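Please treat every number below as a calculation from the coordinates, not as lab data. Nothing here was measured: the structure is a model prediction, and the numbers come from that model. In this analysis, Cβ positions are derived from the backbone assuming ideal geometry, glycine residues included, and neighbour counts consider all displayed protein chains.
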Amino acid sequence: MTELDPQIAGLLKRNAEGLVCAVVQQHGTGEVLMVAWMNDEALRLTLETRQATYFSRSRNELWVKGATSGNTQKVVSARLDCDGDTVLLVVDQAGVACHTGDRTCFDARVLI
């Protein structure tokens, strides 16, 4: 198994579970699609394949977005925030982003 580039790994500030937050944004529009978690392996695979790969905390395993649903995310760019605790993925989303069937995970519960 290949490891995440040590220069990138050294910039990450992981939570107690070894994860960083990933904010996912639609390329071209800036629409925020979803938030997920990544471990080093998920980030490495995402950077290498340009297919958004995340870590499921509930299943304790990696998952490639759209592998079962067909609602894939092709990564256009990836950036690390100034604190090193959040990755911003800019993607081309095919289909819906939310597991509920909504376009984004932020469609259903508007607060104001």
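Quick check: Cα centre of the stretch 1-68 to Cα centre of the stretch 73-112, how many Å?
Using only Cα atoms to place each centre, the spacing works out to 11 Å.
Tilt of helix 40-49 relative to the longest C-alpha principal axis of the chain, in degrees (0 to 90, nearest 10)?
The angle comes out at about 70 degrees.
Once you have all Cα-Cα distances for the chain, histogram them in 10 Å bins from zero and send the whole-percent values.
14, 48, 32, 6, 0
For the stretch 19-34, just list the computed ³J(HN,Hα) in residue order, Karplus coefficients 6.51, -1.76 and 1.60, θ = phi - 60°, integers in Hz, with x standing in for Gly and Pro.
10, 10, 6, 10, 9, 10, 10, 6, 4, x, 10, x, 4, 7, 8, 6
Per residue and in Å³, how big is the convex hull formed by the alpha-carbon atoms of the stretch 1-56?
Working: hull volume 5.7 nm³, N = 56.
With only Cα atoms used, the stretch 1-56 gives 101 Å³ per residue.
Pop a pseudo-label 7 angstrom from the Cα along the beta-carbon direction at both Val32 and Glu48 and give the gap in nm to one decimal.
With each label placed 7 Å out from Cα toward Cβ, I get 3.1 nm.
List the cysteines of the chain that have no other Cys Cβ closer than 4.7 Å: which are they?
Cys21, Cys82
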